[in-house]
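Have a look at the structure below, then the notes.
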Amino acid sequence: MSEIIDMIRKNGILPIASIENEIDAIPIGTALYNAGLRVIEITFRTDKALESMRVITSAFPDMYIGAGTVCTTKQVDMAIEAGCRFIVSPGVNPKIIKYCKKKEIEIIPGVSTATEIEQAIDLGISLVKFFPCELLGGIDYIKALSHPYPKITFLPSGGIDGKNMGEYLKHPAVVAVNGTWIIDEDFHEKQNFDEIEERAKTAVKEMLGFRIDHVAVNLARDEEAEEAAGDFADLFDLEVTEDAQSFKAGEMFQAMKPSMRGLMGHMGIQTNSLERAEYYLSNRGVEFGLENHDSIEEDSIYLNTEIGGIAIQILEKHKG
């Protein structure tokens with residue numbers, strides 16, 4: 001998987017903007033950046049598209065800017081010159097795809113049929129933009145297509161919003177979704193950049209789905225741990241179980257036998273995607289211990305910090 005596709009996957013949401021005035025490029029980029037997103041697709045649908053690409057790539061060097069609605073090789077050249085890192089085309093155009101490969105820039109072509117997917121595969125494409133997704137059958141159609149084409153991945157676009165985004169992102173064949181609902185088509189008239197930022201923040205929160213999974217306390221002796229788990233279980237009519245490290249009251253509460261992470265204990269925070277959560281938190285300045293790079297394979301990772309003596313464990317929600 002290429003660096004570009006990997007970055008799009010980690011962000012999970014790829015917003016689209018058609019910018020009519022390059023002056024609006026900075027506040028649009030700022031709104032997305034503040035929300036934790038580092039990718040954006042700027043379409044070639046306006047006269048100021050190229051200038052807007054230049055402005056954002058210059059102002060936000062660590063953002064991954066893509067040029068959308070690319071229909072000619074000349075637009076590919078202009079996008080590269082403007083600092084764009086990937087191309088999104090509305091269809092499977094062999095001339096443009098081959099040209100992008102020659103120029104060594106990632107291209108995501110648009111498809112809507114199995115025939116177009118096969119054409120894309122023949123041209124060496126691994127990620128396609130699936131549009132108009134909801135009108136074609138939505139996530140169920142993608143699930144059906146992923147069986148005969150297991151090596152292809154999808155960027156669904158069209159009819160997706162904060163309400164159905166999660167269903168798409170749960171599927172392993174979906175790299176990310178196009179965030180068409182985040183930036184209004186007429187934002188240049190509304191100038192509602194604060195609203196766009198809040199919409200993007202809400203989308204990121206919904207995507208990550210942070211929620212408390214369990215609380216664990218460190219106790220000095222096994223007898224104290226067993227008693228604490230029993231007391232908690234009695235309160236909420238839960239079953240007490242024991243493993244090598246702790247006594248558990250259901251899945252909500254753990255009383256650790258030996259003193260484990262955290263001065264007082266740890267709290268498990270569940271997320272829909274451990275990889276995206278790590279990326280998002282890292283962008284906010286959170287550090288992780290070196291040992292976490294092994295533990296991430298076990299659907300768990302610890303922050304390299306404590307809050308009030310409590311260690312923070314991020315763990316992925318079990319799929320299925």
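Read the figures in this text as sums done on the coordinates, not as results from a lab. Here the structure is a predicted model, which means the values were calculated and not measured. Reconstructed Cβ throughout: ideal geometry from the backbone, glycine too, with neighbour counts over all protein chains shown.
I'd like the antiparallel share, as a percent to the nearest 5, of DSSP beta bridges with both residues in the chain.
35 percent
Please list 3J(HN,Hα) in residue order for the stretch 61-68, calculated via the Karplus relation 6.51 cos²θ - 1.76 cosθ + 1.60 where θ = phi - 60°; whole Hz, with x for glycine and proline.
Along the stretch 61-68, the couplings run x, 9, 8, 9, 9, x, 9, x Hz.
Of all alpha-carbon pairs in the chain, indicate the percentage at a distance above 34 angstrom.
33 percent
Where does the Debye-calculated log10 I(q)/I(0) of the stretch 211-316 sit at q = 0.09, 0.10, 0.20, 0.24 Å⁻¹, using only Cα point scatterers of equal weight, no solvent?
-0.24, -0.29, -1.02, -1.26
I need the P(r) histogram for the stretch 88-211: all alpha carbon pairs, bin width 5 Å from 0 out to the longest distance, whole percents.
Going out from 0 Å in 5 Å bins, the stretch 88-211 shows 2, 11, 20, 19, 16, 14, 11, 6, 1, 0 percent.
Take H147 and K170, extend 7 Å from each Cα along the Cα→Cβ direction, and tell me the distance between the two endpoints in nm.
1.9 nm
Figure the gain on full extension for E81 and E306 (residue separation times 0.36 nm, minus the Cα-Cα span) and round it to one decimal in nm.
This chain segment gains 76.5 nm when fully extended.
Taking other Cβ within 10 Å of each residue's Cβ, how do H171, H214 sort, fewest first?
Least crowded to most crowded, the residues run H171, H214.
Just to be sure I understand: of the beta bridges DSSP finds with both ends in the stretch 198-256, what percent are antiparallel, rounded to 5?
Bridges in the stretch 198-256 are about 65 percent antiparallel.
Quote the charge dipole size of the stretch 211-316 about the Cα centre in Debye, to the nearest 20; the model charges only the Cβ of Lys and Arg (+1) and of Asp and Glu (-1).
540 debye
How large, in Å, is the stretch 88-152 by the Kirkwood hydrodynamic radius built from its alpha-carbon pairs?
This gives a value of 12.0 Å.
Assuming a viscosity of 1.567 mPa s and a temperature of 4 °C, what translational diffusion coefficient in µm² per second does Stokes-Einstein assign to the stretch 1-78, Rh being the Kirkwood radius over Cα pairs?
Value of D from the Cα-based Kirkwood radius: 102 µm²/s.
Please build a GNM for the chain, connecting alpha carbons under 10 Å apart, and tell me which residue among G124, G285, G250 fluctuates the most.
Its mean-square fluctuation being the largest, the pick is G285.
Could you give the distance between the Cα centres of the stretch 160-177 and the stretch 123-140, to the whole Å?
So the separation of the two Cα centres works out to 12 Å.
So what's the convex hull volume per residue for the Cα atoms of the stretch 55-100, in Å³?
Cα-based convex hull of the stretch 55-100, divided per residue, equals 61 Å³.
Gap in Å between the Cα centre of the stretch 248-266 and the Cα centre of the stretch 1-56?
First find each Cα centre; the distance between them is then 43 Å.
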